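Encoded as structure tokens, the structure appears first; notes follow it.
The values are calculated or read from the model by the stated rules, or taken from the named source; none is laboratory data. Owing to the predicted nature of the structure, the values given are computational and were not obtained by experimental measurement. Neighbour counts run over all protein chains shown; Cβ positions are idealised from the backbone, glycine included. In case anyone asks, the SASA skips ligands and DNA or RNA and just uses the protein heavy atoms, side chains included. Shrake-Rupley method; radii C 1.70, N 1.55, O 1.52, S 1.80 Å.
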Amino acid sequence: MRAVKATGLQWRSLLLFGAAALVFGVAYTQDAIYHSPENQNTKYLHGLAQAGYGFLAQDWTANTLNPLPVFTTLVRATAQFIHPEYPFYFYYFVVFGLYVVSLTGIVGTRYPSILRRALPFFALLLLVHCLDIEIGDVELGWHLQAGVAEQYILGPVFQPANFGVFLLVSLWLFLQQLGRKGNGFWVGSVVCLAIAVSFHPAYLPSVAALTLAYMVVFALRGQWRKAIALGTVSGLLTLPVLLYMLIAFSDTSPELAQQATAYIVNERIPHHSLPAEWVDSSVYLQVALVSFAIYLCRRQPLALLLGVPLAAALLGTVVQVLTGSDFIAFVAPWRISVFLVPVATAVILGALVKRLPLEQSRWQRFSAIASATVIAILLMVGGAKQWHKWTLSDETTGMIKYVQETAQSEEVYLVPPDDKLLRRFRLATGAPIYINRKSHPYKDVEVIEWSDRLQRAKRFFRTRQPAKQCRQLRRFRRAGVTHVVFPTNSEPRCPQLQPRYQDESYSVYEWVRGNSG
């Protein structure tokens, strides 16, 4: 009988998880992977190339040193053995489910009544994530759940950053184990940290901060052996990622490494790396949210588990500002905020729901009806947005379709490197490109080569002299370029380029070998 009840409970839990994941995921929405200009155009590139998707294996960037080997393995296996698109949407729904369950569990350790008031809490959590209201620099639907410097766990598409959800799962498991005997739950929490950093090494500072926080909690309880054991296990599980990054991306020379890091930090991703670029009123709001959540959890372990990482993030930011260190800017210790902000928002929502007078039956009915109404409205609005996203077309659609249908092996396309709409060119067509600004490597010598390619491509599209453009094209041809994509209002001036496709927005030209001069 107990076994039957346990099985029934497991099925019920699984169904609730699936329902929460589906509702939250549809309301939150996902971009169409092969239409969106977002990060998957970089993060999927190595995996799809290895899976034999189109001719991406011939792309220069796809053959640079891979900074995401674990995520690449997932992408390759998915594309090769299941499907190159649909499973990624399913993976993201799993992430949504883990996100909701872990935040609810974390808040439940501070406010146990939340577990009996899960429906209004879920409705408020969903509402906060779907708000489309801007007040100055603050976008409520974004800055109440994302970190600073445009970093986040949840974003437009499934990508390595989403594995930050395992930081939340880790925190939830650790809080659970504090009320239990044995070591099982702290081991599980440390394993979750290892999962997060294995899929995205940028989570190394977050993993270090949470590990330190866990150790501090144990140490203050006099459990020094547990603290040391936890730190040791966390270090051992994280070590393979750290060694890979240190060895594979070791400096070719101090000068090249410094030059490459400076270029990435100051030219490619200053919006992620330089506090002067991303500190605004939204950041102060987010720090205030986390600080208020710490106050609400005072004298609770969760206060330390938020306070230690917050201190680490603030300290790292201050040190970077004072020293101007490109290395600290590249490591971006403020990325710790990606789990601090959603936890803080959830804690504040939990405090609000706890104070609702739901002991009275009429308030219970009102709360249930209001919560169901909010969820239904957000679900319908999100569903409509989702349908629009998955059926969207734009001015690149015709040209992309042409390249999809005609691309051949050994063809390389030169595209305007700063065109945001053409970020998706590789994944949408399966055709290699010469370079673009969005997708950069991390090995120092490859960063320098990427930068040189980028500057050559930008100069080419600015050139208005036919003779000069032809000379540049010969250099591109030696690098393998066979086709050039032009915005229609910027036609080529070199006679060696012959038109193959044209619409109102873009034209495709081919280098004709017989006219190479």
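Summary table
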{"item": "Length gained when the stretch ASP452-ASP280 is fully extended (0.36 nm per residue, less Cα-Cα span)", "result": "58.6 nm"}
{"item": "Stretch gain in nm, segment TRP363-GLN258, where the contour uses 0.36 nm per residue and the Cα spacing is subtracted", "result": "31.6 nm"}
{"item": "Centroid-to-centroid separation of segment 214-254 and segment 15-71 [C-alpha atoms, Å]", "result": "29"}
{"item": "Calculated P(r) tail over 15 Å for segment 271-355, as whole % of Cα pairs", "result": "58"}
{"item": "Compactness of segment 1-107 as Cα Rg over 2.2 N^0.38 Å, two decimals", "result": "1.38"}
{"item": "Relative contact order, percent, segment 303-384 [alpha-carbon distance under 8 Å, six or more residues apart]", "result": "23"}
{"item": "Virtual paramagnetic centre 7 Å along Cα→Cβ of LEU14, amide N under 11 Å, in segment 154-168", "result": "none"}
{"item": "Viscosity 1.567 mPa s, 4 °C: Kirkwood-radius Stokes-Einstein D of segment 341-418 over Cα pairs, µm²/s", "result": "72"}
{"item": "DSSP bridge pairs, the chain: antiparallel proportion in percent, nearest 5", "result": "80"}
{"item": "The chain: angle of helix 301-323 to the longest principal axis, Cα-based, in degrees nearest 10", "result": "40"}
{"item": "The chain, relative contact order in percent, only Cα pairs under 8 angstrom and at least six apart counted", "result": "20"}
{"item": "Shape call, segment 211-280: gyration tensor on alpha carbons, a/c limit 1.5", "result": "oblate"}
{"item": "Label-to-label distance, nm, for residues given as TYR86 and GLU410 (7 Å Cα→Cβ offset)", "result": "3.6"}
{"item": "Å² of accessible area per residue within the chain, as computed with a 1.4 Å probe and no ligands counted", "result": "45"}
{"item": "Neighbour cut-off at most 12 other Cβ (10 Å), DSSP loop, GluC sites (Glu not before Pro), segment 440-517", "result": "GLU504"}
{"item": "Qualifying trypsin sites (Lys or Arg not before Pro) for segment 288-359 [loop in DSSP, other Cβ within 10 Å: at most 14]", "result": "ARG298, ARG299, ARG355"}
{"item": "Neighbour cut-off at most 14 other Cβ (10 Å), DSSP loop, trypsin sites (Lys or Arg not before Pro), segment 66-170", "result": "none"}
{"item": "Local electrostatic count at LEU304 - Lys and Arg +1, Asp and Glu -1, tallied over other residues with Cβ under 14 Å", "result": "+4"}
{"item": "Sequence-distant lysines (8 or more away, or on other chains) whose Cα lies within less than 29 Å of LYS226", "result": "LYS181"}
{"item": "Those Cys residues of the chain for which no other cysteine Cβ falls under 4.7 Å", "result": "CYS130, CYS192, CYS297"}
{"item": "Nearest 10 degrees, 0 to 90: helix 281-296 Cα axis against the chain principal axis", "result": "20"}
{"item": "Mean Cβ count within 10 Å, highest first, over the residues of peptides 34-41, 431-438, 250-257", "result": "431-438, 34-41, 250-257"}
{"item": "Computed log₁₀ I(q)/I(0) - Debye formula, equal Cα scatterers, no solvent, segment 19-67, q 0.15, 0.25, 0.30 Å⁻¹", "result": "-0.53, -0.90, -1.10"}
{"item": "Descending semi-axes in whole angstrom, ellipsoid equivalent of segment 398-480, from the Cα gyration tensor", "result": "20, 18, 13"}
{"item": "Contact order relative to length of segment 377-469, as percent, for alpha carbon pairs under 8 angstrom and 6 or more apart", "result": "23"}
{"item": "Carbon + sulfur, % of accessible area of the chain - ligands and nucleic acids excluded, 1.4 Å", "result": "62"}
{"item": "More than 44 Å apart - percent of Cα-Cα pairs taken over the chain", "result": "21"}
{"item": "Whole-percent pair-distance distribution, where bins are 5 Å wide, for the alpha carbons of segment 360-517", "result": "1, 8, 15, 17, 15, 10, 6, 5, 4, 4, 4, 3, 3, 2, 1, 1, 0, 0"}
{"item": "Listed peptides 457-463, 139-145 by packing density, highest first (mean Cβ within 10 Å)", "result": "139-145, 457-463"}
{"item": "Cα-based helix-to-principal-axis angle, 184-199 vs the chain, degrees rounded to 10", "result": "10"}
